[in-house]
Amino acid sequence: MTRTDDTPPAWDERTQLTTFLDYARDTALAKCEGISEEDARKALLPHSPLMTVSGLVNHLRWVEYYWFQVVFLGEEDEGPWTEEDPDREMRVAVDFPLPQLLDEYAAHSARYRELAAAHSLDSKAARPVRDGLHVDLRWILLHLTEETARHNGHLDILREMLDGTTGC
């Protein structure tokens, strides 16, 4: 996958927000190009056993699910996590082929791109996040951009440790 340019095709707020989120998503996918199944499952940091390429990709997929479907739309939370295992999406990722995880992430991102396009940036989330606060779609897009960009940094480190690849 080739990353898209982070320059938006228009300068309105929505286009800028969605362009940066798409750029961060595409960057995550690009960082995974050419990684072997074995390498995608390796936990390279001794104190972070869940920090694998597969785990990060699956986390990104499920974090978008949580913010769009559970918080914004108010649907029941059917994510893989549990109270006993709140990071389960990262743990179970090693049981799936990396191409499947990448395809699911891309498919869900496309779905959420359409969902965001169908709502006003001022639309409030159906569920509160903390202290009764109902964030708006604008905040969710910004949060997901921050979350994805932060995990792209983790993918940078893992990729360099795995095969020396930098700058993807």
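In this entry, V57 is excluded by the filter for residues that are closer than 25 Å to L121 by Cβ, modelled with pLDDT of 95 or more and either open to solvent by 20 Å² or more (accessible area, probe 1.4 Å) or part of a helix (DSSP H, G or I) (or both). All of L17, L45 fail the test of being at pLDDT 95 or above, hydrophobic (A, V, I, L, M, F, W, C) and over 16 Å from C168 (Cα atoms), apart from L17.
Would you check if there is a residue in segment 98-120 being in a loop (DSSP other than H, G, I, E, B), of a type in the set (A, V, I, L, M) and open to solvent by 70 Å² or more (accessible area, probe 1.4 Å)? Looking for residues that are in a loop (DSSP other than H, G, I, E, B), of a type in the set (A, V, I, L, M) and open to solvent by 70 Å² or more (accessible area, probe 1.4 Å), one finds at least one in segment 98-120, hence yes.
Being closer than 20 Å to L144 by Cβ and surrounded by fewer than 20 Cβ atoms within 10 Å (Cβ to Cβ) holds for only one residue in E13, E37, and it is E13. Summed over segment 78-108, the residues that are within 25 Å of D22 (Cβ to Cβ) and charged (D, E, K, R) give a count of 3. Looking across segment 87-109, the residues that are touching a residue at least 12 places away in the same chain (Cβ under 8 Å) and over 15 Å from the mean Cα position of the chain (by Cα) come down to R91, V92, V94, F96, P97. Residue pairs whose Cβ atoms lie under 7 Å apart, sitting 6 or more positions apart in sequence or on different chains, and linking a residue in segment 136-160 that is in contact (Cβ under 8 Å) with a residue 60 or more places away in the chain to a partner that is open to solvent by less than 20 Å² (accessible area, probe 1.4 Å) and acidic (D, E), are L144/E64. So E64 clears everything in (1) charged (D, E, K, R); (2) free of Cβ contacts under 8 Å to residues at least 60 places away in the same chain; (3) within 24 Å of L29 (Cβ to Cβ) except one condition, right? Which one? The one condition E64 does not meet is (2).
Taking segment 125-168 as the range and being open to solvent by 70 Å² or more (accessible area, probe 1.4 Å) and assigned to a helix (DSSP H, G or I) as the test, the residues that pass are W139, L142, E146, R150, I157, E160, M161, D163. Of all residues in segment 88-97, those satisfying the criterion of being more than 19 Å from F72 (Cβ to Cβ) and open to solvent by less than 70 Å² (accessible area, probe 1.4 Å) are M90, V92, A93, V94, P97.
Within segment 31-54, the residues that satisfy the criterion of being under 12 Å from L158 (Cβ atoms) and either among the small types (G, A, S) or in a helix (DSSP H, G or I) (or both) are K31, D39, A40, A43, S48, V53, S54.
To keep it simple, each residue is scored yes or no on (1) of a type in the set (A, V, I, L, M, F, W, C); (2) over 13 Å from the mean Cα position of the chain (by Cα); (3) more than 25 Å from L142 (Cβ to Cβ).
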{"residue": "A28", "(1), (2), (3)": "yes, no, no"}
{"residue": "G34", "(1), (2), (3)": "no, yes, yes"}
{"residue": "D39", "(1), (2), (3)": "no, yes, yes"}
{"residue": "P49", "(1), (2), (3)": "no, yes, yes"}
{"residue": "G55", "(1), (2), (3)": "no, no, no"}
{"residue": "H59", "(1), (2), (3)": "no, no, no"}
{"residue": "Y65", "(1), (2), (3)": "no, no, no"}
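Checked against the criterion of being aromatic (F, W, Y), open to solvent by 70 Å² or more (accessible area, probe 1.4 Å) and either at pLDDT 95 or above or not in a helix (DSSP H, G or I) (or both), segment 71-85 contains not a single residue that satisfies it.
The values are calculated or read from the model by the stated rules, or taken from the named source; none is laboratory data. As the structure is a prediction and not an experimental result, all values here were calculated from the model. Cβ coordinates were reconstructed from backbone atoms using ideal geometry, including for glycine residues, and neighbour counts include every protein chain displayed. Keep in mind that these areas ignore ligands, DNA and RNA; they rest on the heavy atoms of the full protein, side chains included. Shrake-Rupley method; radii C 1.70, N 1.55, O 1.52, S 1.80 Å.
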